[in-house]
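Some notes on the structure that comes next.
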Amino acid sequence: MVTNISSKKIKSKIRKIVPEVGKNPPKVSILPKDSLVINFLDKLQKYLDSVLLIEQDSKILVAVSGGLDSVTLLDSLFIISTKRNYKLAIGHLNHTLRGEEANQDEEFVVNLSKEYCLPFLGQRIDVGEFAKAHSLSIEQAARELRYDFLQRACQSFGANYIATAHTLDDQAETILLNLIRGTGIRGLQGIAEKKSLGKGFVLIRPFFNFKREEILNYAEHRNLKWREDTTNLMLAYTRNKIRHLLIPLLEREFNPNIVEILSRTSELAKKNQKLIKNIISKLIDDYVEVINPDECKLDISKLKYYDSFIVGELVQEVILEKFNLPTINYKNIDSIRKLFSAESGTNIQIMKNLIVFKDRDSLYFVRNYNKENHNVKGSKTGRFIWNDNLIKFCEVPLSEFSRIEDPNVEFFDFEKVPEEIVIRTWNNGDRFVPLGLKNSVKLSDFLVNQKIPLHFKSKVPIVVGNDEIIWVCGFRISSKYKVTKQTKRVLKGEITRLRGI
């Protein structure tokens, strides 16, 4: 699940290493005679043919980290490719999170590409820097960048399949992790064995029918070499605790087949979710409006009468499908449902880069919200989030204009306001003609006269068009943009303070 990374700068480029033309076939292409290896390959090929439906002559980008699972995936797919005529390439992303150890992993994979005589496509990206720049957790940034890289590498190679080495054990770990996080039935689905990523790319997981023990046995019988990621042993990470502590405990004390049982639970959850999704899809068509890639609107006027479970599933689907973000827990879903009856302007931040706020009969989901952003641009008939304020502009009938006393609501001559406006903080040298006065004044003097404390001046939103002040929000509009007897169209502006719950 990838957010729109195309607009985010990635400094490095994909590194390509193409095998030498005419080089002799590698020794690893010699067909094995070991019965364990043969049985493993037969099982894998049946899964590729009957479940993943991989055609002969397919071009596959194999994601190789250098660890046991991915090295084994590369080796086994390479052998099968001699029969099925697959065209393979190796993809490797260096997250640069583990310093020299990560660089050694990269060089290890480069050497593998030479050993197997396959194209190598790799890239180094500073995930930590990217996460900080875009308000993401390290885990989320790594996931987004990994799949974005794999799609670009896949396109560069001309393939339509991306193979990753997730196993039956990975599936069990994911289900338990989601269960602990409280993501409900949706989380019990775990990971899909096959998933379309759009643009003709399909993600496949050929090892979904294999336990890690089977993979280790194969690798040892094939005398394969791999790298150990030291972070996989650190119990500071929840997934590692599940892998090294919880699952062994469940196998030892409760059921030795717990991994297989969790896999079957996943299949049942997927069938259940398929039925639910048919209902949710209809509700999304009726009640969800996509405003732009980073914002969508949920009409709650009728949804509040639906069962809480259906509402929760709808929220999960919006977050997953509209924003390509991971599922959230029930605590966050309950908080979102509380917004249904909250006052306008009430909001919650459910992820580092996703906020949900209430405005009348609607909830707005906004990604990449940054309350420290002091310079926001947009259309004069639009909605803005600036610091902790929601600022809205819409055209209204001339008959709606009235000189009301609410300082948070103002009316403007629609045709005088430029099509594009900017909301920013005040600047030294700003001047305007406040409504009711004839001459321009310094904005700083105006704010002093309004008894605005010095430390609070930077928190006052200033609406500007063509470098002229239109509205000092909450205080006064510019006389130039007022509604007059000659006004034919009216623009209404409204500011609401966002409040958390």
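The values are calculated or read from the model by the stated rules, or taken from the named source; none is laboratory data. Quick caveat: nothing in here was measured; it's all calculated off a predicted structure. Every residue, glycine among them, receives a Cβ derived from its backbone with ideal geometry; neighbour counts consider all protein chains shown. Please note that ligands, DNA and RNA were not included when accessible areas were found on the heavy atoms of the full protein model with its side chains. Shrake-Rupley method; radii C 1.70, N 1.55, O 1.52, S 1.80 Å.
Assorted remarks:
- Candidate set from the range 73-101 (those that are among the small types (Gly, Ala, Ser) and open to solvent by 10 Å² or more (accessible area, probe 1.4 Å)); member that is nearest to Asp57 (Cα to Cα): Ser81
- Of the listed requirements (1) surrounded by fewer than 20 Cβ atoms within 10 Å (Cβ to Cβ); (2) touching a residue at least 40 places away in the same chain (Cβ under 8 Å); (3) over 41 Å from the mean Cα position of the chain (by Cα), Arg424 misses just one: (3).
- Hits in the range 319-357 (condition: open to solvent by less than 10 Å² (accessible area, probe 1.4 Å) and part of a helix (DSSP H, G or I)): Ile319, Phe323, Ile333, Ile336, Leu339
- Any hit, the range 384-391, residues being in contact (Cβ under 8 Å) with a residue 24 or more places away in the chain and farther than 30 Å from Ala131 by Cα: no
- Taking the criterion of being without any contact (Cβ under 8 Å) to a residue 40 or more places away in the chain and under 12 Å from the mean Cα position of the chain (by Cα), the only residue of the range 319-344 that qualifies is Glu321.
- Residue in the range 102-124 that is farthest from Lys13 (Cα to Cα), counting only those that are acidic (Asp, Glu) and open to solvent by 50 Å² or more (accessible area, probe 1.4 Å): Glu115
- Test: residue in the range 256-276 that is in a loop (DSSP other than H, G, I, E, B), open to solvent by 50 Å² or more (accessible area, probe 1.4 Å) and farther than 30 Å from Tyr305 by Cα: yes
- Subset of the range 412-421 [touching a Ser or Thr at 6+ places or on another chain (Cβ under 8 Å) and open to solvent by less than 70 Å² (accessible area, probe 1.4 Å)]: Asp413, Phe414, Ile421
- Identity of the residue in the range 288-318, assigned to a strand (DSSP E or B) and either of a type in the set (A, V, I, L, M, F, W, C) or over 17 Å from the mean Cα position of the chain (by Cα) (or both), that ends up nearest to Val366 (Cα to Cα): Cys296
- Taking the listed residues Leu435, Leu498, Leu491, the one that is in contact (Cβ under 8 Å) with a residue 60 or more places away in the chain and farther than 22 Å from Asn347 by Cβ is Leu491, with no other qualifying.
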